[in-house]
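Participant: Sharing a structure, written as structure tokens. Questions coming.
We did not get these values from a lab; they are worked out from the coordinates using the rules stated. Predicted, not measured: the structure shown is a model, and the values here were computed from it. Virtual Cβ from ideal backbone geometry, glycine too; neighbours counted across all protein chains shown.
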Amino acid sequence: MTKAVCPGSFDPMTMGHLDIFTRAAGLFEHVTVLVTGNPDKPSGLFSVHERVELIREVVPEGITVDHWSGLLVDYASEHGIDTIVKGLRSSLDYEYELPMAQMNRRLTGIDTMFLLTDEKYGYISSSLCKQVAQFGGDITGMFPEPVARAVRAKFA
């Protein structure tokens, strides 16, 4: 059985993330969306548990949602996961993700697969969309609707 994990902070999950999760589910027998903490980012708009619940509301059936605060490769090893899946919007994402992919491969041999973001979501980032919402801008189509409602509620 081929298993993949899509890790990230997902604070909050965007339509671009959902697109990557759904496409990964078509390539692997089992996909886990893994909400992780990032020590380089502030605590975030949503708690880890809120993020997990929001993602569970919108991912297609058959995709598992979990959270983890340790090394990604440890989670993958413990759960028999073969591949890490990451979405790339631009070459800047690639530059950021490549050293992590190489380190993960060195640590455990796990491969990372990069999926290119659908061009209609290429401009979307959680940080930018949160900023638009904070100042009352229209976030329609940037987040799945349950996530958009939660974002609007945080800034109400």
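Participant: Hey, can you grab everything whose amide H is under 5 Å from the amide H of residue 143? Only 5+ residues off in sequence or another chain; H modelled, so Pro and N-termini drop out.
Facilitator: Hits under the 5 Å cutoff: 15.
Participant: Still on this structure, please answer the following. Quick one: 3J(HN,Hα) in Hz for region 107-112, Karplus 6.51/-1.76/1.60 with θ = phi - 60°, rounded, Gly and Pro as x.
Facilitator: Couplings: 5, 9, x, 6, 8, 10 Hz.
Participant: So what is the calculated 222 nm ellipticity per residue for the chain, using -39500 (n - 2.57) for each DSSP H run with n of 4 or more, over all residues, to the nearest 500 deg cm²/dmol?
Facilitator: Values: 6 runs with 67 residues, N = 156.
That comes out to -13000 deg cm²/dmol.
Participant: Quick query: amide H of residue 88 versus all other amide H atoms, modeled in the peptide plane; which residues come in under 5 Å with a sequence gap of 5 or more or a different chain?
Facilitator: 115, 116, 117
Participant: Follow-up. Compute the long axis of helix 145-155 from its Cα atoms, compare it with the longest principal axis of the Cα atoms of the chain, and write down the angle in degrees, 0 to 90, nearest 10.
Facilitator: Once rounded, one gets 60 degrees.
Participant: Could the peptides 118-128, 6-16, 76-86 be put in order, highest first, of the mean number of other beta-carbon atoms found within 10 Å of their residues? Write down the numbers at each step before the final one.
Facilitator: Working: 118-128: 14.5, 6-16: 22.8, 76-86: 18.1.
Going by the mean number of other Cβ atoms within 10 Å, highest first, we get 6-16, 76-86, 118-128.
Participant: Turning to a different aspect of this structure: Once the Cβ-Cβ distance between residue 108 and residue 131 is put in as r, and R0 is 41 Å, what FRET efficiency do you end up with, to the nearest 0.05? Write out the running numbers ahead of the final one.
Facilitator: On the way: r = 36 Å, r/R0 = 0.88.
Given R0 = 41 Å and the Cβ-Cβ separation, E is 0.70.
Participant: Something else now. If the cut-off is a Cα-Cα distance under 13 Å, which aspartates and glutamates reach residue 130, setting aside same-chain residues fewer than 8 apart in sequence?
Facilitator: 11, 138
Participant: Could you run the Karplus curve 6.51 cos²θ - 1.76 cosθ + 1.60 with θ = phi - 60° over region 50-66 and give me ³J(HN,Hα) per residue in whole Hz, x for Gly and Pro?
Facilitator: For region 50-66, the Karplus curve yields 5, 4, 4, 5, 4, 5, 4, 5, 10, 6, x, 4, x, 9, 8, 10, 9 Hz.
Participant: Still on this structure: Work out from phi, with θ = phi - 60° and the Karplus expression 6.51 cos²θ - 1.76 cosθ + 1.60, the ³J(HN,Hα) of each residue of region 115-126, listed in order in whole Hz, and give x for Gly and Pro.
Facilitator: So the Karplus estimates, Gly and Pro as x, are 10, 6, 5, 4, 4, 6, 10, x, 8, 8, 9, 4 Hz.
Participant: In µm²/s, what is D for region 35-124 at 4 °C and 1.567 mPa s, where D = kT/(6 pi eta Rh) by Stokes-Einstein and Rh is the Kirkwood radius from Cα pairs? Walk me through the numbers before you get to the answer.
Facilitator: On the way: Rh = 14.8 Å.
Translational diffusion coefficient: 87 µm²/s.
Participant: Given H placed on each backbone N at 1.01 Å, which residues far from residue 65 in sequence or on other chains put an amide H within less than 5 Å of it?
Facilitator: Amide H neighbours of residue 65: 33.
Participant: Same structure, new question: In debye, nearest 20: dipole of region 3-155 around its Cα centre with unit charges on the Cβ of K, R (+) and D, E (-)? Write down the numbers at each step before the final one.
Facilitator: Details: 14 positive and 20 negative charges, 61 e Å.
Value, rounded to 20: 300 debye.
Participant: Among (1) 50, 40, 28; (2) 51, 32, 25; (3) 45, 31, 28, which one is Cα extents along the principal axes in Å computed from these coordinates?
Facilitator: It is the value labelled (3).
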